[in-house]
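Colleague: I have a structure I would like to understand better, so I am pasting it below and will then ask my questions one at a time.
Each reported figure results from applying straightforward, stated rules to the coordinates on display, with no laboratory input. Fair warning: this is a prediction, and the values are worked out from it, not measured in the lab. Don't worry about glycine lacking a Cβ; one is built from the backbone with ideal geometry, like all the others, and counts go over all protein chains shown.
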Amino acid sequence: MDPELEPFIPFLPQTDPTDPVATRRTFAALAAARPAPDTTDLEIEDRTVPAAPDVAIRIYRPRRAQGAVVWLHGGGFVFGDLDTEHPWAARVAAASGAVVLSVDYRRSPEHRYPAALDDAYAVLGWAVEHASALGVDPARIAVGGHSAGAGLAAGVALRARDEQGPPIRFQLLNQPGLDDRQDTWSQRNFTDTPWHDRDRLTVMWRHYLGSEPATAYAAPGRATDLSGLPPAYVSTAEFDPLRDEAIAYAVRLMQAGVPVELHHWPGTFHGSQALLSAAVSQRQNAELAAALRRALAG
């Protein structure tokens with residue numbers, strides 16, 4: 001474990017994914033206690049995207065943005081919202097120079113798959129249609145997210161390709177959850193890792209899928225054809241059950257001819273980049289923003 005991260009582990013809040021309401025409350029309290037991000041150079045606006053049902057989004061506009069990213073928060077498909085994601089979304093916008101559309105997608109188990117995917121896909125279509133109003137080029141719109149949100153972003157990219165839907169410039173997949181089968185080495189062996197472990201992920205997949213079998217849009221690791229997808233940045237953490245499925249997905253993207261940047265961070269655990277005082281966290285966050293900036297500008 002990275003020596004700057006290890007001292008924080010005993011103080012990480014414990015969450016129980018079998019109780020979604022309590023988990024959301026704990027996570028909201030944790031997010032509220034974090035230092036507020038600097039939003040001096042951002043214009044922030046809450047909007048509603050017409051859909052069935054409508055989707056709430058929060059738009060972060062930096063000055064002179066060239067492109068935008070449909071940003072999908074983490075939380076195992078169960079917790080997280082616009083307010084808990086506010087510090088992260090604001091930092092992504094400020095550091096990357098991209099317009100960030102943070103999506104308040106429906107959460108499980110109240111709203112199982114494909115509710116969250118449908119919400120994210122609706123926001124992507126809206127962003128492309130309203131690119132001029134957002135002040136960006138419609139050909140420079142990315143999808144991205146963290147954890148479950150990164151898995152949703154990958155599912156959106158697959159669906160857009162298959163349905164010849166809105167064009168996607170880039171996919172930013174930070175520690176993505178991609179495969180409900182949980183049959184990789186890291187999934188089998190990381191049973192007591194910080195923040196996320198195998199058992200918690202099992203419960204979250206059950207909340208998301210219910211009794212229905214997973215499709216490739218729900219669990220992109222199941223997709224058999226990855227050709228024709230947008231270029232990707234994939235980031236993984238060493239002590240993360242999701243590590244090996246994300247690395248495997250990145251390699252399969254490469255083998256399918258998709259340009260991929262894969263960055264594995266030794267000594268880190270799932271979500272540890274939120275511990276902003278650690279040098280490795282600062283490097284992780286800077287790399288994510290830089291990858292997005294390059295993809296939307298080049």
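Colleague: I'd like the distance separating the alpha-carbon centroids of segment 12-80 and segment 81-103, in whole Å.
Modeller: So the separation of the two Cα centres works out to 7 Å.
Colleague: Under a point-charge model restricted to the Cβ atoms of Lys and Arg (+1) and Asp and Glu (-1), what is the dipole moment magnitude of the chain relative to its Cα centre, in debye to the nearest 20? If you can, show how the numbers build up before the last one.
Modeller: Values: 27 positive and 36 negative charges, 104 e Å.
In debye, rounded to 20, the chain gives about 500.
Colleague: Hey, can you rank 112-120, 73-81 by average C-beta count inside 10 Å, highest first?
Modeller: Working: 112-120: 21.6, 73-81: 24.9.
Top of the packing list down: 73-81, 112-120.
Colleague: Find which of Ala160, Ala139, Thr224 sits farthest along the positive direction of the dipole of segment 127-252, computed with +1 on the beta-carbon of Lys and Arg, -1 on that of Asp and Glu, about the Cα centre.
Modeller: Towards the positive end, the residue furthest out is Ala139.
Colleague: Once phi is turned into θ = phi - 60°, what whole-Hz ³J(HN,Hα) does the Karplus curve with 6.51, -1.76 and 1.60 give for every residue of segment 21-32, x standing for Gly and Pro?
Modeller: 5, 5, 5, 4, 5, 4, 5, 5, 5, 5, 5, 5
Colleague: Sticking with this structure for a sec: Between beta-carbons, use under 11 Å as the cut-off and find the net charge around Pro231, counting Lys and Arg +1, Asp and Glu -1.
Modeller: Details: positive: Arg169, Arg294; negative: Glu261.
For residues surrounding Pro231, the net value is +1.
Colleague: Can you order the peptides 93-106, 32-45, 50-63 by their average number of other Cβ atoms within 10 Å per residue, highest first?
Modeller: Numbers: 93-106: 25.1, 32-45: 12.0, 50-63: 16.6.
Most protected by this proxy first, the peptides run 93-106, 50-63, 32-45.
Colleague: Moving to a separate point now. Order 154-164, 271-281 from most to least packed using the mean count of other Cβ atoms within 10 Å.
Modeller: Details: 154-164: 20.2, 271-281: 18.4.
Descending packing order for the listed peptides: 154-164, 271-281.
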